[in-house]
Amino acid sequence: MLKKIIMVIVLSAVTIHLPAQSKKAGKEPVAASAEKGIWIYLGNSIPNNFSYTIERKAKNANSYDVIGKTSAAKTFSDAETLNQKWSKLFDKLDPLSNKDLQREWNYLQKNSTTDSLYADNLPVMHLIAGTAFLDTTVRKDQSYTYRISKTDASENKSDAKETPSVAWKPSPVFPAIKTSNVKFASGKLVIEWTAKSALSMAHFNIYRSVFAKNEFKKIKVEKGFYFRNDSIVLLIIDTIGLQPAWYEYQFEPVDIYGNAGTKGAACSGGSMMDHYAPPVTNLKATGTQKDHQIRISWKYENKKYLNGITIMRSSNFDSAFQRIATIPVSDTVYIDRVPSAGENYYYYLLLHSAQNEPVATAKVAALYYNKSEKPERPKNVVAETIKNGIRIHWEFDEPYVAGFYVYRNVNINEKFIQVSELIPAGGNVYSFTDSSKNLSGGEVYRYAVKSVSDANQLSDFSDTVSAHPDISMILNSPEHLRFRLNDGVVTLIWDDLRNSVNNMLGYEVYRKIAGEKEFISLTKTLRGTEKNFYVDSVTVPGITFEYAVSVKDIFGNESPMCNPVKVMTDKKQLPIPSGLSAITSNDKILIRWGQIEDDENLRIKIYRTTQGQKPQLIGTARSMEEEFTDSKVEKGKLYFYQLSTEDQNKNESVLSEKISVRP
């Protein structure tokens, strides 16, 4: 009696608040994954006289983009509309009741922060208050950072704060939940589930189906919880009435942001807890030798109070039985598809009736084995080049296979040889890496895959694919590089390697100025040049160049460069300044010369000499200039001047005629 009184108090006094939901929001913004997007808590200040501006930046992006603004609901009608809108996007949580909504509206009118505001549906509560935002435009597995600012009526922003980076990948962790008790009395069915801790669970939903129909629908029930020893007990009361009925139930955990876990912890119960379960006769299990099917059949005399049958299976006679189906009482045959051939399977039936516990039958065994059944061949086979090998991918989603073998050959006329051990089945996409030491970087290999059934039968070969391994090859350098020079044009010639290098792509021609460290490619294309000669017409007179050649194959391998050859082109004669004159003025000497008719890339160098001294460079001028002033002279001293020209490559002409002057 005391236990029943305690339970009623829990249910009547508590709207369920599991421990995982007791966290209070603070002042700092937080972003979290929800089922329909990323939910952002903006802060505890209620935006009645301002709005929140929400900006978003994806990972590796350089700037934020504005994605929305929020403010608190202006009228109670607005709050009702927002409750309907947001509840659809958080459908795993219960919508705010009219009472909850009226309480929140009254709170928003009287307060400036949400510190004392609370509701079961925390995400929707904050969205109505304008203190949260739901970003539904995110991409899965992409990380985002949000910046939240307060914005006044003049669009001035302040108090900007950033959330930690978050990816839209809802993955709540829920505790293991087990059914612990099912009882019926006075038209009400009480079901209890237990868990060691709540973890991230803040809410739970219950789904119900008429027994054996497998048509589960979410239902409203009375909920409660209490602690017993080191476990939390979650309970519901479902008012089902007194008419004969039997139902199945499923439990769905939900976290604070509306992310639901997998439905499970199934149980059944109803108003027929004290009726008779008839005995089963002629229970048999027989292998059909087709499509991995085992046929289970049975008979019973009286099924008036029977509500359903659960079929249990295991590969171990004594343990590890699992439910494989729940079927109507009208069925007396069930076809089971077993996961593996050549293995014994054990079965028994659970009869669901009015008794407190289902009644188990005796166990029967059967074996499936079929050597004539050939499995499907693998599909979507792809080969890719990787470092030091080749990786083969394929897909396979058919059941009843033990694994796969990979085969290889070099050309279409050779037999395939097996290159892999058995690759176990256990997914939809598979791969194998061939890194054999027998692979050569200069060869293309062909691959095919076979599946092997659990009865050890091989499929036909898959489609054939080909690839080459990324293995460095040492190619021989070109030999006998030589040249011809004609009017500044250099023609290079070398021995042709096309008949001695497999899968040759072309030649790469390099050049550098003699004395420099690095060669520069002249061909600058993927293929290089396919012929064993090259013409270089872009030379500079008077400069010595070095040339070298390498060979490349289609796999990206390149030989060392051959021994270089040196070529010196004819030196160009530079113009000599002429028409020099000099005059004195104010203790300075002005030197003038005639116009130099040449390109603008030349410069003029001015040299000065005194009696018995070598010419010294005292200045330079551009080619279009025609005078230079020497201000560093001594009065009465005799000076001599000469000029030359110099190009960009530091080639310099001979000195001009000499002129003299005394200031």
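The values are calculated or read from the model by the stated rules, or taken from the named source; none is laboratory data. For clarity, every value in this text was computed on a predicted model and none was experimentally measured. Here the Cβ is made from the backbone with ideal geometry for all residues, glycine too, and neighbour counts use every protein chain on show.
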Residue 186 vs (1) in contact (Cβ under 8 Å) with a residue 60 or more places away in the chain; (2) under 22 Å from residue 236 (Cα atoms); (3) not assigned by TED's automatic domain parsing to the domain that holds residue 65: all pass except (1)
When the residues of region 105-124 are filtered to those that are part of a helix (DSSP H, G or I) and either modelled with pLDDT under 90 or closer than 29 Å to residue 261 by Cα (or both), which remaining residue is nearest to the chain's Cα centre (by Cα)? 123
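Tell me which strands (runs of 3 or more DSSP E) are completely within region 566-643 and hold 2 or more residues being at pLDDT 90 or above and within 29 Å of residue 515 (Cβ to Cβ), or say none if there are none. Lay out the reasoning, then the answer.
Working: elements: 581-585, 588-592, 603-609, 616-622, 627-630.
Hits in region 566-643: 603-609, 616-622.
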Of the residues 589, 583, which is over 57 Å from the mean Cα position of the chain (by Cα), crowded, with 16+ Cβ neighbours inside 10 Å and in contact (Cβ under 8 Å) with a residue 24 or more places away in the chain? 589
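Conditions (1) small (Gly, Ala, Ser); (2) assigned by TED's automatic domain parsing to the domain that holds residue 342; (3) in a strand (DSSP E or B), marked per residue:
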residue	(1), (2), (3)
374	no, no, no
384	no, no, yes
391	no, no, yes
411	no, no, no
438	no, no, no
442	yes, no, no
446	no, no, yes
451	yes, no, yes
Please return the ranges of strands (runs of 3 or more DSSP E) entirely within region 1-87 where 2 or more residues are within 23 Å of residue 112 (Cβ to Cβ), at pLDDT 90 or above and touching a helix residue (DSSP H, G or I) at 6+ places or on another chain (Cβ under 9 Å). 37-41
Among the candidates 122, 117, 89, single out the residue that is surrounded by 14 or more Cβ atoms within 10 Å (Cβ to Cβ), out of contact with any strand residue (DSSP E or B) (no Cβ under 9 Å at 6 or more places or on another chain) and not hydroxyl-bearing (Ser, Thr, Tyr). 117
Any idea how many residues of region 263-294 are outside any strand (DSSP E or B), at pLDDT 80 or above and among the hydrophobic types (A, V, I, L, M, F, W, C)? 0
Taking the residues in region 474-512 that are hydroxyl-bearing (Ser, Thr, Tyr) and under 23 Å from residue 568 (Cβ atoms) as candidates, determine which candidate is nearest to the chain's Cα centre (by Cα). 510
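State yes or no: is residue 647 closer than 30 Å to residue 569 by Cα and among the acidic types (Asp, Glu)?
Judged against the criteria, residue 647 is a match.
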Within the set of pairs 6+ apart or on separate chains, which have a first residue in region 635-646 that is in contact (Cβ under 8 Å) with a residue 12 or more places away in the chain and within 15 Å of residue 591 (Cβ to Cβ), a second that is small (Gly, Ala, Ser) and assigned to a strand (DSSP E or B), and C-beta atoms under 9 Å apart? 638/660; 639/582; 639/660; 640/660; 641/582; 641/660; 643/621
By residue number, the members of region 432-461 that are of a type outside the set (A, V, I, L, M, F, W, C) and more than 26 Å from residue 503 (Cβ to Cβ) are 450, 451, 453, 454, 456, 457, 459, 460
Every residue in region 68-120 that is more than 20 Å from residue 37 (Cβ to Cβ) and hydroxyl-bearing (Ser, Thr, Tyr), please. 75, 77, 97, 107, 112, 113, 114, 116, 118
Which one of these is over 30 Å from residue 290 (Cβ atoms), in contact with a Gly (Cβ under 7 Å, 6 or more places away or on another chain) and surrounded by fewer than 19 Cβ atoms within 10 Å (Cβ to Cβ): 431, 477, 435? 435
